[in-house]
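Structure first, commentary second.
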Amino acid sequence: MKKNIPVACLLAVLAACPAVLCAQTPAGDFRLFSHMLGTWRMEGKKAKWLYEDWKQKDNTTLTGKSYYLAGKDTVITEYHELVWKGDDLFYMANPKGQDNHDQPVSFKLVSSQSGTLVFENKGHDFPQRIGYRIAPGTGQVLAWIEGDINGRPKKIEYPYTKLGSR
């Protein structure tokens, strides 16, 4: 007989183990990414600051958005979610101003090691990969997008600092 462990119980048990040890399982990867909860900021080129904000929706979903400030206006550039479905984690990106018919693009977790999570969708035009290098407790994270455009590799990095960290 197969027993199903409620996600909340599983996450509570995994909360006690180190991130590096836990990150070898989907629950551990979700737990590692939960260090992203809160608001992150990086210096921008066009806008002074770019932000990424993450909140926990429930035991299997984190929701977020990327944005910048233009005067007193908040300009959303992307909505995103981290969703745990069965044994897999997905990064769901819904960038604004692109021809996705307001539908999110799904990127499946394909690599998780040493605090680095890489999500991939080989069928997407650009990016094909989205990555996060998370160092819990440091207030720093490196996010990136990468892939090929017209057969040439391209990578854009986003070095974020958590607001409120010193």
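Working note: Cα gyration tensor of segment 71-133, eigenvalues times five, square-rooted, sorted largest first, giving semi-axes of 23, 14, 11 Å.
Here the Karplus relation 6.51 cos²θ - 1.76 cosθ + 1.60, evaluated at θ = phi - 60°, turns the backbone of segment 66-83 into coupling constants of 10, 7, 9, 9, 10, x, 9, 8, 9, 10, 6, 9, 6, 9, 8, 9, 10, 10 Hz, with x for every Gly and Pro. Shape analysis of segment 42-166 based on the Cα gyration tensor places the equivalent ellipsoid semi-axes at 21, 19, 16 Å, largest first.
Applying a threshold of 22 Å to the alpha-carbon distances of K96/K162; K46/K122; K108/K155; K45/K72 flags K96/K162; K46/K122 as lying beyond it. Here the simple spin-label model places points 7 Å from the Cα toward Cβ, and for F126 and N94 these points are separated by 2.5 nm. Rounded to 0.05, the FRET efficiency of the N150 and S106 pair, given R0 = 35 Å and the Cβ-Cβ distance, is 0.90. Bridging of K85 to aspartates and glutamates at a Cα separation below 17 Å is possible for D29, D58, E120, once same-chain residues fewer than 8 apart are set aside.
In this structure, the amide hydrogen of G44, modeled 1.01 Å from its nitrogen in the peptide plane, lies closer than 5 angstrom to those of W49, L50, counting only residues at least 5 positions away or on a different chain. In plain terms, the chain from L69 to Q56 could stretch by 2.4 nm, reckoned as 0.36 nm per residue minus the Cα-Cα distance.
Each residue of segment 101-114 was assigned a 3J(HN,Hα) from its phi angle through the Karplus expression (A = 6.51, B = -1.76, C = 1.60, θ = phi - 60°), giving 6, 6, 10, x, 9, 9, 10, 8, 4, 10, 8, 8, 7, 6 Hz with x at Gly and Pro. Couplings 3J(HN,Hα) of segment 29-41, computed from phi: 5, 5, 5, 4, 5, 5, 5, 7, 4, x, 10, 10, 9 Hz, in residue order, whole Hz [Karplus 6.51 cos²θ - 1.76 cosθ + 1.60, θ = phi - 60°; x for Gly and Pro].
No value in this document is a laboratory result; all are computed from the given coordinates. Every value quoted in this text rests on a predicted model; they were computed, and no experiment measured them. Ideal geometry is used to build each Cβ from the backbone, glycine not excepted, and the neighbour counts take in all protein chains shown.
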